[in-house]
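Colleague: Dropping the structure in here first, questions after.
The values are calculated or read from the model by the stated rules, or taken from the named source; none is laboratory data. A quick note: this is a predicted structure, and the numbers were derived from the prediction, not measured. Using ideal geometry, Cβ is built from the backbone for each residue, glycine included, and neighbour counts are taken over all protein chains shown. To get the accessible areas, we keep the full protein, side chains included, count just its heavy atoms, and leave off ligands, DNA and RNA. Shrake-Rupley method; radii C 1.70, N 1.55, O 1.52, S 1.80 Å.
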Amino acid sequence: MACRTTAGAADYLVAGLTMLEYRGYDSAGLAVSAADGSTAVFRTTQRVNALHDLAKAWGGPSLGGIGIGHTRWATHGGVRVANAHPHQDCLRRLSVVHNGIIDNAPHLRAELQQLGHVFQSDVDSEVICHLVEDALATTGDLLEAVNRTVQQLTGSWAIVVLDGETRRMVAAAHRSPLLVAHSDRGMFLASDVSAIADWVDEFHILDDGDVVEVSDELVWLRDGVAVDAPDPIASPTQASGRRLDAGDHMASEIDEQPEAAARVLNDIGSLIANGALWRGLGLPRFDRLRVVACGTSLNAGQVIGAGLSRLGGLAHSVVVASEAAGSVIEPGTLTLAISQSGETADVLRAIDESPIGTPVLALVNNAHSTLARKVGSVLVCPAGPEVGVAATKTFVCQVLMGAGLVISALVASGRMSQTTARALVDDLAQTPERLAAAADSARLALPGVIEDVRNANGFIFLGRGAAVPYAAEGALKLKELTYRWAEAYPAGELKHGPLALVEDGTPVVVVDDADPRLVGNIAEVSARGGRILTIGQPGSRIEVPLSKHSPCGPLEAVVPLQLLALNLAADLGFDVDKPRNLAKSVTVD
Ligand code: F6R
């Protein structure tokens, strides 16, 4: 992020970066202009708050209101202070923060080194400082220098360059989110509006290829030509009044799930059984669905795709976004891109690489995200801000929204009667109550369960049919939060290899939606000493009210699965809101 205010840049930057802490990072830094034309740089591999202490202890010339700041999630180069942003040019005149990856950095670095530039870090981003340094020496103008520099880069970037000598500040973006806002406090730049929402009412988003000088006014270049700033967008996070920097986020987000589910049903409930939800999207009729997503959103996609095939007999495929390149898309396919953040680089790239003319629908939790802006048709989940790094309430909202979409599309295309659809919607309407009951039941049973599995190093999660994606989601949550190995399998697959992992006491979590074939699978595990933990039908260790007819399958089982991961992680002393190595919004591919 960056700010251009009358005073106190370090305070603004630390406050803004604190608001972004939830996204996950491993180092942080600031560069702030000083009264003598120099730039003070503070960097740390500790928490953002350490920057506050470093800036307070500063004994040099007084610091002003212009500065840039960054939290880094390591891609190129290990976690060490020298690799933290901001980076500087050889003369320490220019400071740069960068999100994204410069694909041609090795080549540029070699060229720059041949020209005599000296590098201080291992990171790709540092090439930007030296390129701007050279371009500035030639042009004498920072805006032009940054404009020339970005033309030499391949990859993705959201950058802000601060010239300590002239105090000019220029930003540029390509395939990485960046927005600029101005208010009576000054000018602000951020990769996520939540960093600055307390100080601004509206913001402008940089498009791919934009270069913007931020002085008292905005000078906006698109393809090198000066244009007006794009229309402003109202700041949504401020409207929610939600503090992003404090509190047990994941626990409260799990608690909020019944409420979030009710919001989804309130928004779309009346539009499902009459086909209006689908028709409102203006998309062509489709014969098969291709879901593209990552992580938890991918698991939601599995549920949605399976629901379409089960209810409508239409084929579906679920593609890991980072592996989507080259997948064959048959005529009549609708691509459904699911991403709560709408900023996941793997998903954005997969959509960019889809053949031109392929219909794409985005399912996001942020109406202003890059994915939402890139794609013509968008469904926005009303989950509200999700701060815990591990996705919980956004998953539940994606699944419900996706189920509504599927039913509505089947009605609109004449593949399902409105009567059948109404019965399914009536069933969906019970979801908030069932989610709340699942949480109550889990809370009662979990202390004993945690006692049993506290020392286990590895877990297996099983399900059959509609339960398989929930087993996958349970395993993902457990490994993210507890750092224990956890693998999910369709229960029938166990005997084809993974059963070798089961020994005395191995926890095997079964999402039990009363599929009769599970009885045999459970017996196979028990016979080898595995410790069975069933979640689902009456008689399970954690009983969950499931509906046999829900278009979402055993959705409610996800609540005990989330709570198992959360409670075990807390018991082991881990920070569940900021699991190690992970970021909330993964903007690099
Ligand atoms: C897991 C989790 C991640 C995300 C994944 C995709 O708890 O949060 O697996 O689901 O990084 O993120 P989005 O949905 O923002 O594209």
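Colleague: Translational diffusion coefficient of the stretch 432-576 at 4 °C, 1.567 mPa s, Stokes-Einstein with Kirkwood Rh over Cα pairs, in µm²/s as a whole number. Each step should come with its number before you reach the end.
Modeller: Details: Rh = 14.8 Å.
Answer, rounded: 87 µm²/s.
Colleague: For a protection proxy built on the mean count of beta-carbon atoms within 10 angstrom, sort 301-312, 423-434, 340-351, 447-458 highest first, please.
Modeller: 340-351, 301-312, 423-434, 447-458
Colleague: Take peptides 49-59, 97-107, 381-391 and line them up by average Cβ neighbours within 10 Å, highest first, as a rough protection proxy. Don't jump to the answer; show the numbers that get you there.
Modeller: Numbers: 49-59: 14.4, 97-107: 20.4, 381-391: 23.5.
In descending order of packing, they fall as 381-391, 97-107, 49-59.
Colleague: Another question, if that's okay. If you count only protein heavy atoms with a 1.4 Å probe, what accessible area per residue comes out for the stretch 145-286, rounded to a whole Å²? If you can, show how the numbers build up before the last one.
Modeller: On the way: 6000 Å² over 142 residues.
Each residue of the stretch 145-286 exposes 42 Å² on average to a 1.4 Å probe.
Colleague: Kindly express, to the nearest 10 degrees and within the range 0 to 90, the angle between helix 295-312's C-alpha long axis and the longest C-alpha principal axis of the chain.
Modeller: That works out to roughly 40 degrees.
Colleague: Cysteines without a disulfide-compatible partner in the chain, using Cβ under 4.7 Å as the rule?
Modeller: Lone cysteines by the Cβ rule: Cys3, Cys90, Cys129, Cys294, Cys552.
Colleague: What length, rounded to one decimal in nm, is gained on full extension from Glu433 through to Glu111, with 0.36 nm per residue of separation minus their alpha-carbon distance? Can you show the working numbers first?
Modeller: On the way: separation 322, 0.36 × 322 = 115.92 nm, distance 6.25 nm.
So the extension gain works out to 109.7 nm.
Colleague: Hey, another quick one. Give me the percent relative contact order of the chain, please, defined on Cα pairs under 8 angstrom at least 6 residues apart. Mind showing how you got there, number by number?
Modeller: Working: 1294 pairs, mean separation 72.2, N = 589.
The normalised contact order for the chain reaches 12 percent.
Colleague: Kindly list the residues of the stretch 41-84 that lie in the label zone of Arg92, defined by a backbone N under 12 Å from the point 7 Å along the Cα-to-C-beta vector.
Modeller: It comes to 41-42, 60-61, nothing else.
Colleague: What's the lysine pair count for the chain at a Cα cut-off below 18 Å, pairs eight or more apart or interchain? Numbers along the way, then the final one.
Modeller: Numbers: Lys393/Lys477; Lys393/Lys578; Lys393/Lys584; Lys477/Lys578; Lys477/Lys584; Lys479/Lys578; Lys479/Lys584.
Lysine pairs satisfying the spacing and distance rule in the chain number 7.
Colleague: Here is a follow-up. So what's the net charge close to Val303: Lys and Arg +1, Asp and Glu -1, counting the other residues with Cβ under 12 Å from its Cβ?
Modeller: Values: positive: Arg310; negative: Glu473.
Residues near Val303 contribute 0 overall.
Colleague: Angle between the Cα long axis of helix 9-19 and the longest principal axis of the chain, 0 to 90 degrees, nearest 10?
Modeller: Taking the Cα atoms of the chain, the angle to 9-19 is about 10 degrees.
Colleague: Asp589: net charge of surrounding residues, Cβ under 13 Å, Lys/Arg +1, Asp/Glu -1, itself excluded? Walk me through the intermediate numbers first.
Modeller: Numbers: positive: Arg175, Arg349; negative: Asp103, Glu323, Glu343, Asp346, Asp352, Glu353.
Local charge sum for Asp589: -4.
Colleague: Could you give the length gained on full extension between Arg580 and Arg454, defined as 0.36 nm per residue of separation minus the Cα-Cα distance, in nm?
Modeller: Details: separation 126, 0.36 × 126 = 45.36 nm, distance 1.92 nm.
That pair, Arg580 and Arg454, stretches by 43.4 nm at full extension.
Colleague: For every other residue with a beta carbon closer than 13 angstrom to the beta carbon of Ala569, add +1 if it is Lys or Arg and -1 if Asp or Glu, then tell me the sum.
Modeller: +1
Colleague: How high is the FRET efficiency from Ser327 to His496, r the C-beta distance, R0 35 Å, rounded to 0.05?
Modeller: Details: r = 26 Å, r/R0 = 0.74.
My answer for the efficiency is 0.85.
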